[in-house]
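What follows is a short report on a single structure.
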Amino acid sequence: MITIKSPEEIALMAESGRLTKEVLEVMEKSVKAGMTTKQLDKIAYDYIKSCGAYPSFLGYSGYPASTCISVNEMVVHGIPSDDIVIREGDIVSVDVGVVYNGWQGDAARTFLIGQVSEEKRKLVDVTRECFFKAVEDLKVGTPLGDIGFKVQSHAEANGFSVVRALVGHGIGREMHEDPSVPNFGKKGTGIRLKSGMVIAIEPMINAGTYQVEFLPDGWGVRTKDGKPSAHYENTVAITDEGVKILTL
Ligand code: MF3
Ligand code: CO
């Protein structure tokens, strides 16, 4: 079911969104080569708790951490671990969700650690650009398929591929609401966006094949060919005054 949010509810979601963005900023400042992904997750947990909010991933379907941290060929849902050390040259995708006053925020960034290869740098840039292409002329009445079309066109024009196995989603009191928001598709297809809809748009872009495989831990998703992958996500409200990006 797609839920429509009132302007007052969108204002509350903007608060959750702001905290989500702040967590990512704190993580970006803290991340360094030599640190484990578990240490980085702890920083997010502590910051979220200090704000009087709750990390929405923790305990979600049994998920054991506050963030997903996915290094290099990991696409998404990397479980933070004492055994995963971040190194110079890595790209590190961090996905975080916050619930505050009952409303969810969800966002992801991919950080570059020190000097990274030209391919990785371009992949991270193009993944972020895919998001901004998708929201460029987004407004009430835009067909949902236009989002996927724009993400896919930009990724593929740059020689990269779009993950199909995971998609963006509606968001509100629940982290995952309808509709699904694929990063691939045809212009002019799908439902039309209505005022008061809030969606998480989250391109997951691979340097090589779009195909992915799931780790035995039941969460982690990695590229099938071992080439790098990047992720960029924001929570976006559709309003009569235009699009509001709540996690920027
Ligand atoms: N943030 C992810 C998404 O965008 C969900 C994370 S799954 C969790 O859909 F289990 F970690 F919460
Ligand atoms: Co999401």
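The values are calculated or read from the model by the stated rules, or taken from the named source; none is laboratory data. This is a predicted model, so every value here is computed, not measured. Note that each Cβ is placed from the backbone with ideal geometry, even for glycine, and that neighbours are counted across all protein chains shown. Surface accessibility is based on the protein's heavy atoms, side chains included, excluding ligands, DNA and RNA. Shrake-Rupley method; radii C 1.70, N 1.55, O 1.52, S 1.80 Å.
In table form, for the structure just shown:
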{"item": "Normalised per residue, the volume of the convex hull around the Cα set of the range 102-248 (Å³)", "result": "122 Å³"}
{"item": "Three-way shape label, the range 54-134, alpha-carbon gyration tensor, a/c 1.5", "result": "oblate"}
{"item": "LEU24, LEU166, LEU12, ranked by accessible area, largest first (probe 1.4 Å)", "result": "LEU12, LEU166, LEU24"}
{"item": "Under 19 Å from the GLU156 label point (7 Å along Cα→beta-carbon), backbone N, the range 173-199", "result": "181-190"}
{"item": "Estimated vicinal HN-Hα couplings, Hz - the range 181-198 in sequence order (Karplus 6.51, -1.76, 1.60; Gly, Pro = x)", "result": "10, x, 9, 9, x, 10, 4, x, 9, x, 5, 9, 5, 10, 4, x, 7, 10"}
{"item": "Cα gyration tensor shape for the range 60-187, rounded if a/c is under 1.5, else prolate or oblate", "result": "oblate"}
{"item": "ARG192, ARG18, reordered so the largest accessible area comes first (probe 1.4 Å)", "result": "ARG192, ARG18"}
{"item": "Solvent-accessible area per residue, Å², over the range 68-208 with all protein chains present [probe radius 1.4 Å]", "result": "38 Å²"}
{"item": "Heavy-atom accessible surface of the chain: percent carbon and sulfur, 1.4 Å", "result": "52 percent"}
{"item": "Ranking by accessible area, most exposed first, for TRP219, TRP103 with a 1.4 Å probe", "result": "TRP219, TRP103"}
{"item": "Global form of the chain, assessed from the alpha-carbon gyration tensor, a/c cut-off 1.5", "result": "oblate"}
{"item": "Charge dipole magnitude, Cβ of K and R +1, D and E -1 - the chain, Cα centre, debye nearest 20", "result": "300 debye"}
{"item": "Charge context of GLY52, other residues only, Cβ under 14 angstrom, K/R +1, D/E -1", "result": "-1"}
{"item": "Per-selection Rg to Rh, the range 102-157 - Cα, Kirkwood hydrodynamic radius", "result": "1.07"}
{"item": "Neighbourhood charge, 11 Å Cβ-Cβ cut-off, centred on TYR232 and excluding it, Lys, Arg +1 and Asp, Glu -1", "result": "-3"}
{"item": "Sorted largest first, extent of the range 191-248 alpha carbons per principal axis (Å)", "result": "43, 25, 23"}
{"item": "Residue among GLY78, GLY170, GLY196 with the largest mean-square fluctuation in a Gaussian network model of the chain, springs linking Cα atoms under 10 Å", "result": "GLY196"}
{"item": "Listed pairs LYS133/LYS187; LYS133/LYS194; LYS21/LYS244; LYS5/LYS187; LYS133/LYS224; LYS29/LYS49 exceeding 23 Å between Cα atoms", "result": "LYS5/LYS187; LYS133/LYS224"}
